[in-house]
Amino acid sequence: MVKSLISVKNVSKLFEIGGFFGRKKYVCAVDNVSLSIEDGDTLVLIGESGCGKSTLGRLTLALLKPTFGQVLFRGKDVWRMSKLEFREFRRNAQIIQQNPYDALNPMRTVFQSLVAPLTHYKIARDRKEAWEKSVSLLESVGLIPPDDFLERYPSRLSGGQMQRVAIARAISVNPKFLVADEAVSMLDASLRIEILDLLLDLKDKHNMACLFITHDFGVARYFGRRGRVAVMYLGSLVEIGPIDDVILDPLHPYTKALIASVPIPDPKLTRSKGLPSLRSLEVPSLTQVPSGCKFHPRCPHAESICVEEAPEFKKLSMKRAVACHLY
């Protein structure tokens, strides 16, 4: 039996808040989530800000330890691996962060940022080989001529150039799994397509699996056009399926609301389209999560069972699953 590259099984992550003088409170950022990502797969994770997307991404990379559940790499629990196995996992699981200004050390040149993983994992034997590999990496991400950039500090790079350096560093160790956490949200609109195309080319070239985190359905559809999308709300998955199927035929009321809120560049269509008649536009607080279905206070189709009982995440077909009492 072939094991998934990355599997998340019934994972929950709780964060403690307060507790100095009053009673301790906990926020459940990720609530009983299960999913799997195969070799070369593309999974787009989408939802409103604060829904737990980035936390789930960090759990898949073992940057955070789950409170409950398991994160598996090739069928092995990453938190029960030997030191040698975990080192191999760490090399194979990399991240491209949202803010390139925070991702690069301002006191290091581009070469110093690139050479660190190359020497740590013994991909380069000496400085000359590290320089040659760094040149090749910069060429692969479109920074030409590469020698022009290697001795620069981040302060002498634009936001798009810094993000390309961050991408080069992430792929320098030939990972099998890449998490792109809002990788284009800090960039100008004119640069987003370039970076998305670059990521898609590199993903295909290196046969990497990718978890792409975004709040933008336009970006999600462009990047995940050959993959799946998972919709997240208040720490839980509410729908998953092929990207075009979910966008053209959304099942969960929350997914429908997200898609309806995407602007259309036609005033007549926009005015006639309108938004779903949500009961409330306000997202509930994570410290006071609604009972039953978390979406029921905002859902136009909510019934009494939605208040009392959380819906099961049901598989409707080989490709589609949804957590809603309507199905």
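The values are calculated or read from the model by the stated rules, or taken from the named source; none is laboratory data. Owing to the predicted nature of the structure, the values given are computational and were not obtained by experimental measurement. Cβ atoms come from the backbone with ideal geometry, glycine included; neighbour counts cover every protein chain shown.
Within segment 138-193, the set of residues being on the phi > 0 side of the Ramachandran plot and under 16 Å from the mean Cα position of the chain (by Cα) comprises 182 only. Taken as a whole, segment 274-296 holds no residue that is modelled with pLDDT under 90, closer than 27 Å to residue 242 by Cα, β-branched (Val, Ile, Thr) and out of contact with any Leu (no Cβ under 9 Å at 6 or more places or on another chain).
Restricting segment 141-193 to residues that are of a type in the set (Val, Ile, Thr) and part of a helix (DSSP H, G or I) leaves a set whose member that is surrounded by the fewest Cβ atoms within 10 Å (Cβ to Cβ) is 193. Residue 16 meets each of the listed conditions (1) part of a strand (DSSP E or B); (2) of a type in the set (D, E, K, R); (3) within 20 Å of the chain's Cα centre (by Cα) apart from (3).
Kindly indicate the residue of segment 225-249 that is in a loop (DSSP other than H, G, I, E, B) and touching a strand residue (DSSP E or B) at 6+ places or on another chain (Cβ under 7 Å) and also surrounded by the fewest Cβ atoms within 10 Å (Cβ to Cβ) among those meeting that condition. So the residue we want is 226. Scanning segment 284-327 for residues that are exposed (fewer than 13 other Cβ atoms within 10 Å of the Cβ) and aromatic (Phe, Trp, Tyr) yields a count of 0.
For residue 222, the criteria (1) surrounded by fewer than 20 Cβ atoms within 10 Å (Cβ to Cβ); (2) in contact (Cβ under 8 Å) with a residue 60 or more places away in the chain hold in every case but one, which is (2).
The residues listed here are 58, 108; of these, the one that is surrounded by fewer than 21 Cβ atoms within 10 Å (Cβ to Cβ), within 17 Å of residue 170 (Cβ to Cβ), in contact with a Leu (Cβ under 8 Å, 6 or more places away or on another chain) and not hydroxyl-bearing (Ser, Thr, Tyr) is 58. Anything in segment 45-76 that is closer than 15 Å to residue 98 by Cα and touching a helix residue (DSSP H, G or I) at 6+ places or on another chain (Cβ under 9 Å)? List them, or say none. Within segment 45-76, 45, 46 meet the criteria.
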